[in-house]
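The values are calculated or read from the model by the stated rules, or taken from the named source; none is laboratory data. Predicted model only: the values in this text are computed from it and were never measured. Note: ideal-geometry Cβ built from the backbone for every residue, glycine included; neighbour counts use all protein chains shown.
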Amino acid sequence: MGQLWQRWVGYGLLALLVALVFGGSVRNAYVAWDDPSFVAGSPAVQHGLSWEGLRWAFEGNLTRADTTLEYWMPITALSRLIDAEFGGMRAGWVHGMSAFYHLLAAMAFWSALARLGMDRGRARVVAACFAVHPVQVEAVCWAAGRKDVLAGLFWALTLWAYAAYAQRRSRRGYLVVLALFVGALMAKPSVMMLPAVLLLVDHWPLRRFGRERFWFLVAEKVPLVLLTGLSLLTSVLAQVDHGGLKSLDQYPLWVRLGNGALAYAGYVGSFVWPSGLAPVYPHPGLAFPVVWAIAAGLALGAATATAWCFRGRVPWFFTGWLWFVCTLVPMSGLVQLGGAARADRYLYTAMVGLAIVAVEAGASIARQSGRGSSALRGAVVGVLAVWALLAARQVGYWRDTITLFERAVAVTGPNRIALNSLAVARLQAGDLEGARRDLVASLAMDDANPHAWLMLGRVLLLKGEAAEARWCFETSARLDGQPARAWYFAGVAAERAGDLEGALSAFAEAGRVAPEWGRPLLERARILDAKGEGEHAVRERAEAGRRKVGQGLDPLEQE
């Protein structure tokens, strides 16, 4: 009864910590960085818990028919349907639910680590670190980052089920492990290194090495690895469709290795000293500091070699450090997705390994120095208090798009993603000059970004500079692999500039590259009527009737 009471008191304290740190997130708005297209503005999400919504959740990205899902992740999609059903997609509700899932993940990690054999008090401290560390803010407060939180929750539940299976091996217990791991993959495929982490916890704290054959322990993980392979296949196909997978021409292997080493160093630094956190850390490309990358790589190798050499004497360092290293392999940049060097959200589950090392090291130092548990408790409370204060401040930066990305620019300097997101927010707020300034600065860094050209055209169109806007839209169309909306708005700009023939030509091009979209043909019909070419207008309307009409596409939608 005493242990049960302590456990529930511990859960209550975790809930209090999460509420104090993340309670302010319910006042935050959505941010113009994937939230509009993947969450708030996704038409499929509005179905709620209906058969249509459930079908979208499980089939949308598997068939690659819906671009509002980055991967096949039906668990994350289901959570969005629940948001729509019960909260009407209000930003405060969505953020509150993410904080609730984060609390469940913290509780699950505490229970899992204790059941695996870690000292219950130390497991509680690790869970508290996980709950309040500032690097967790991005995953919890970014609506589109919900997938990281849910993946972390299922990761912890899989660990808990695996501990139960290891204690009393049974077919039913193993099936539960498989089911929960599938749940983790269905939340976000980046949990693919969990089978390797299960092998690490076999060494410590389960201590199955020596009691059971090594190859049997490896064979246990084979079904999990096969499931990982299937998930990886769907993820790669999805990223190819989204255009997120970068080629070796863009990021050569030596650049990926160098940035990966720097990223690992940055993650350790963010864990130890969580200051200067930002939603975007721009990739340096070919200009990364080679000397620092080599130093970071040597340090990473030395720490890993030390963990291996002392795996018997200091097993918690071996498990904790390699937990951190292995978990981040899919996000290390060897397979480069997007233009970021690293991201705080990638640390969501990886930081548990570092927390294990820090907590066990602190306990070992206190024991060897003879200072006792009171000094250790004081240090733990102090560190957690500082982290909680920093995390609560970080939550405030996610209040809205302008606050968030002005902070990003202040921390990392001007970068394309931050400037584009600021431009979207300023444009929505009516600050046309501010949006123009941000877009010009963004295009000075990367003039091959079709979305930035599209937004700049929109700004100029609203300012009444139709000819300049048309040039921007046409530039976007030449750069974009899917240029339908750029050509559509080029037609709008051409018409406003008085060039009706140019408008007809641009609308025709929009209709040609998007053969299921009828709106450009209706625009052509309207202009042809105005020119007195009624017969041609009738033909255009007839063709538009065979297509989906839709509305004029919104160039503010963030990609």
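Yes or no, residue by residue, for (1) modelled with pLDDT of 95 or more; (2) surrounded by fewer than 16 Cβ atoms within 10 Å (Cβ to Cβ); (3) within 22 Å of residue 136 (Cβ to Cβ); (4) among the acidic types (Asp, Glu):
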| site | (1), (2), (3), (4) |
| --- | --- |
| 1 | no, yes, no, no |
| 21 | yes, no, yes, no |
| 33 | no, no, yes, no |
| 54 | no, no, no, no |
| 63 | no, yes, no, no |
| 86 | no, yes, no, no |
| 92 | yes, yes, yes, no |
| 102 | yes, no, yes, no |
| 105 | yes, no, yes, no |
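Being assigned by TED's automatic domain parsing to the domain that holds residue 32, part of a helix (DSSP H, G or I) and in contact with a Phe, Trp or Tyr (Cβ under 9 Å, 6 or more places away or on another chain) narrows it down to one residue among 424, 395; which is it?
395
Just one of 183, 152 is in a helix (DSSP H, G or I), farther than 14 Å from residue 109 by Cβ and at pLDDT 95 or above; which is it?
Every option except 183 fails the conditions.
Before we move on, is residue 196 at pLDDT below 95 and either part of a helix (DSSP H, G or I) or not assigned by TED's automatic domain parsing to the domain that holds residue 325 (or both)?
Against the criterion (at pLDDT below 95 and either part of a helix (DSSP H, G or I) or not assigned by TED's automatic domain parsing to the domain that holds residue 325 (or both)), residue 196 does not qualify.
List the residue pairs whose Cβ atoms are under 9 Å apart, where the first residue sits in the stretch 174-194 and is in contact (Cβ under 8 Å) with a residue 60 or more places away in the chain, the second is of a type in the set (Asp, Glu) and crowded, with 24+ Cβ neighbours inside 10 Å, and the two are 6 or more positions apart or on different chains.
Close Cβ pairs (under 9 Å, with a partner that is of a type in the set (Asp, Glu) and crowded, with 24+ Cβ neighbours inside 10 Å) amount to 187/148; 188/148; 190/148.
Does residue 155 satisfy the criteria of being under 16 Å from residue 197 (Cβ atoms), touching a residue at least 12 places away in the same chain (Cβ under 8 Å) and surrounded by 24 or more Cβ atoms within 10 Å (Cβ to Cβ)?
In short, yes.
Here's the yes/no breakdown for (1) over 26 Å from the mean Cα position of the chain (by Cα); (2) modelled with pLDDT under 90; (3) not in a helix (DSSP H, G or I):
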| residue | (1), (2), (3) |
| --- | --- |
| 353 | no, no, no |
| 356 | no, no, no |
| 360 | yes, no, no |
| 375 | yes, yes, no |
| 403 | no, no, no |
| 437 | yes, no, no |
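Here is a list of conditions, (1) at pLDDT 80 or above; (2) within 27 Å of residue 230 (Cα to Cα); (3) in a loop (DSSP other than H, G, I, E, B), and residue 42 meets all of them except one; can you say which number that is?
Residue 42 satisfies every listed condition except (1).
Out of the stretch 400-444, which residues are farther than 25 Å from residue 129 by Cβ and among the charged types (D, E, K, R)?
400, 406, 416, 426, 431, 433, 436, 437, 438 - these are the residues of the stretch 400-444 that are farther than 25 Å from residue 129 by Cβ and among the charged types (D, E, K, R).
Would you point out the residue of the stretch 263-287, among those that are small (Gly, Ala, Ser) and assigned to a loop (DSSP other than H, G, I, E, B), that is nearest to residue 332 (Cα to Cα)?
Here the residue is 278.
Just one of the numbered conditions (1) within 27 Å of the chain's Cα centre (by Cα); (2) part of a loop (DSSP other than H, G, I, E, B); (3) without any contact (Cβ under 8 Å) to a residue 12 or more places away in the chain is not true of residue 430; which one?
(1)
Considering only the stretch 496-550, state which residues are basic (Lys, Arg), farther than 12 Å from residue 484 by Cβ and part of a helix (DSSP H, G or I).
496, 524, 526, 539, 541
Say we look at the stretch 114-149 and pick out the residues that are touching a Lys or Arg at 6+ places or on another chain (Cβ under 6 Å) and farther than 15 Å from residue 395 by Cα; which of these is surrounded by the most Cβ atoms within 10 Å (Cβ to Cβ)?
Result: 148.
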